[in-house]
Every structure is written in C-alpha cells, then in structure tokens.
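Report on one structure; see the data block that follows.
The values are calculated or read from the model by the stated rules, or taken from the named source; none is laboratory data. Worth saying up front: this structure is predicted, and the values here are computed from it rather than measured. Reconstructed Cβ throughout: ideal geometry from the backbone, glycine too, with neighbour counts over all protein chains shown. For the accessible areas, the whole protein counts, side chains as well, though only heavy atoms, and no ligand, DNA or RNA atoms are used. Shrake-Rupley method; radii C 1.70, N 1.55, O 1.52, S 1.80 Å.
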Amino acid sequence: MVAELLIKGEQVNHHTLIARLSQLLADETDAVKVDVCRCVLERVIQKTPGES
C-alpha cells in the first residue's frame with residue numbers, strides 16, 4: 001500500500017493510510033482479507049498521534 005501511494009505521488013501519512021484501508025474494507029469481499037485489513041487499520045489508528 002505504501003509503495004502504491006508513493007508511485008501515485010500521494011503522501012504517505014496516517015490520514016492516507018486510514019482512508020485507503022477504509023476503502024479496502026468497504027470494497028473487499030474475502031473474509032480473510034477483510035480481517036487482515038481491519039487489524040492493520042486498528043494498528044494504524046492506535047499509532048496515530050493526536051486524538052485519544
């Protein structure tokens with residue numbers, strides 16, 4: 001995902017990662033992939049500075 005963002009010239013930050021993971025969750029139908037995306041999203045949110 002990070003490589004994809006860099007190739008597209010987008011910034012790699014918490015906001016773009018959360019947005020991209022959220023979109024993947026909305027589009028994905030494979031239960032295993034959904035679970036992986038959800039776990040990664042939870043970790044990114046936990047590591048996001050700022051709001052608690």
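Tabulated results
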quantity	calculated
Protein accessible area in the chain, 1.4 Å probe - carbon and sulfur %	56 percent
Percent RCO, i.e. relative contact order, over the chain, from Cα pairs under 8 Å lying at least 6 residues apart	33 percent
Accessible solvent surface per residue of the chain, calculated while the other protein chains remain in place, 1.4 angstrom probe, Å²	80 Å²
Options Val12, Leu24, Val40, ranked by Cα towards positive dipole end of the chain, top entry (Cβ charges)	Val12
Estimated dipole of the chain in Debye, rounded to 20 [Cβ of Lys and Arg +1, of Asp and Glu -1, Cα centre]	160 debye
Along principal axes, Cα extents of the chain, largest first, whole Å	31, 29, 14
